[in-house]
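The values are calculated or read from the model by the stated rules, or taken from the named source; none is laboratory data. Quick caveat: nothing in here was measured; it's all calculated off a predicted structure. All Cβ positions, even for glycine, are placed from backbone atoms using ideal geometry, and neighbour counts span all protein chains on display.
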């Protein structure tokens, strides 16, 4: 490989070497703090390489990877989110694992898989990135190793992800048989031009099978059944990673290479995505109403939020692409904050995942309760939060493309969402644990190792929720720049 190619791949090289360094350091020295420091240092090194790569302009690396401004933006988003997960994990694992260095190695490898997905321009790199991400998640979900619920969740994800990979590979084979290429660029061009080949049953079948694989990774209806079980069973920081980095990487790939679907609203693939969006918004919000487990509630909520993103994805124009990017950033920030609070309150025996665990929290931890309330209001789309502007941009993009029936579903289901988010807020501020003698005892909220790191993440999250909700202009300008190269 030439020197120019090496410079272009510096973010990937930094992530790979960081994983190796963390693995070797954990072998020879078992200090948890050192491992976290090395992990954060590797992520910071990766971020520092992004401007270096950007200075060379968008470059295609063989047929497999494209590192343009769009790719670098989303890699930066994934890396920053992973850094937040690392900080949330520190105190959480201090209470559960004595030598969790391999956990951080897997986090770095999973981030590498997500970054590969974002940069992918070929079925080979697409599948490679997906598998690096998925295989890392199998083990991360099963952490800590001696907890039965975590192991059960890891096995469930393993079985379902392996089955879904078979659908994805078969779909790729059908598309290759029809088009004679495995390039995702040709895949995107087919939708933009509306070529007649798209009408063949073989190609439509391939598209549908690929959508099954993508739909599983996004956790949208009807591929959502794994989501509440994995969210509930996985450790809280890992759940935050699955809900953000894992899904965000797939959304970024979807936006780049399925973008042309929006140009053909009567095409079979467009109709499939529209049906998935509507079903996700309806089922996600209705099923969240029935939950008394906070992690399961947030799982069904995430299904609905991916449905909202798909509404903007199906709209036409640069405004729609910007809306997808902005909503994804808002979703990352708020979801990281929500699971950050769960991780902060979780004890050594179990996660603080019951609504009863949050009763009277405002009296015990007022700042933590205020942060959680702010994040929940943002997820509900209350004004002056980033979540409100995210939904505003999605509705604006949908209205420009006259997606009226999808917008009606979005507005109606968002109203439902306000109710179940408010249930948690009411429990924190109104219902006191003394008034409920039969309720389970809340998770222990005493001083815990690593809580300062979690507090720092939550402070940043709260600041971003308000700042981006009041002054989104810098992020909007950045997104307008990075989506300018999309088809």
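Okay, here's what the table says:
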read-out: From 291, 232, residue being at pLDDT below 90, in contact with a strand residue (DSSP E or B) (Cβ under 7 Å, 6 or more places away or on another chain) and surrounded by fewer than 24 Cβ atoms within 10 Å (Cβ to Cβ); value: 232
read-out: Condition met for residue 274 (assigned to a helix (DSSP H, G or I), more than 23 Å from residue 232 (Cβ to Cβ) and either over 19 Å from the mean Cα position of the chain (by Cα) or modelled with pLDDT of 90 or more (or both)); value: yes
read-out: Residue that is farthest from residue 253 (Cα to Cα) [pool: residues in the range 466-487 that are touching a residue at least 60 places away in the same chain (Cβ under 8 Å) and part of a loop (DSSP other than H, G, I, E, B)]; value: 472
read-out: Count - residues of the range 292-333 that are outside any helix (DSSP H, G or I) and within 25 Å of residue 87 (Cα to Cα); value: 1
read-out: Any chance residue 462 is modelled with pLDDT under 90, closer than 18 Å to residue 367 by Cα and in contact with a helix residue (DSSP H, G or I) (Cβ under 8 Å, 6 or more places away or on another chain); value: no
read-out: Tally, over the range 92-130, of residues that are in contact with a helix residue (DSSP H, G or I) (Cβ under 9 Å, 6 or more places away or on another chain), surrounded by fewer than 21 Cβ atoms within 10 Å (Cβ to Cβ) and more than 20 Å from residue 13 (Cβ to Cβ); value: 6
read-out: Yes/no for residue 244 being in a helix (DSSP H, G or I) and either at pLDDT below 90 or in contact with a helix residue (DSSP H, G or I) (Cβ under 9 Å, 6 or more places away or on another chain) (or both); value: yes
read-out: Residue within the range 364-381 that is modelled with pLDDT under 85 and surrounded by fewer than 18 Cβ atoms within 10 Å (Cβ to Cβ) present; value: yes
read-out: Odd one out for residue 392 among (1) buried (at least 16 other Cβ atoms within 10 Å of the Cβ); (2) in contact with a helix residue (DSSP H, G or I) (Cβ under 8 Å, 6 or more places away or on another chain); (3) closer than 19 Å to residue 315 by Cα; value: (2)
read-out: In the range 334-380, residue nearest to residue 235 (Cα to Cα) [restricted to those that are touching a helix residue (DSSP H, G or I) at 6+ places or on another chain (Cβ under 7 Å) and assigned to a loop (DSSP other than H, G, I, E, B)]; value: 351
read-out: Any chance residue 347 is surrounded by fewer than 20 Cβ atoms within 10 Å (Cβ to Cβ) and either touching a strand residue (DSSP E or B) at 6+ places or on another chain (Cβ under 9 Å) or touching a residue at least 40 places away in the same chain (Cβ under 8 Å) (or both); value: yes
read-out: Filter result for residue 320 (within 29 Å of residue 419 (Cα to Cα), in contact (Cβ under 8 Å) with a residue 60 or more places away in the chain, crowded, with 24+ Cβ neighbours inside 10 Å and in contact with a helix residue (DSSP H, G or I) (Cβ under 7 Å, 6 or more places away or on another chain)); value: yes
read-out: Residue within the range 420-438 that is at pLDDT below 90, surrounded by fewer than 17 Cβ atoms within 10 Å (Cβ to Cβ) and at positive phi present; value: no
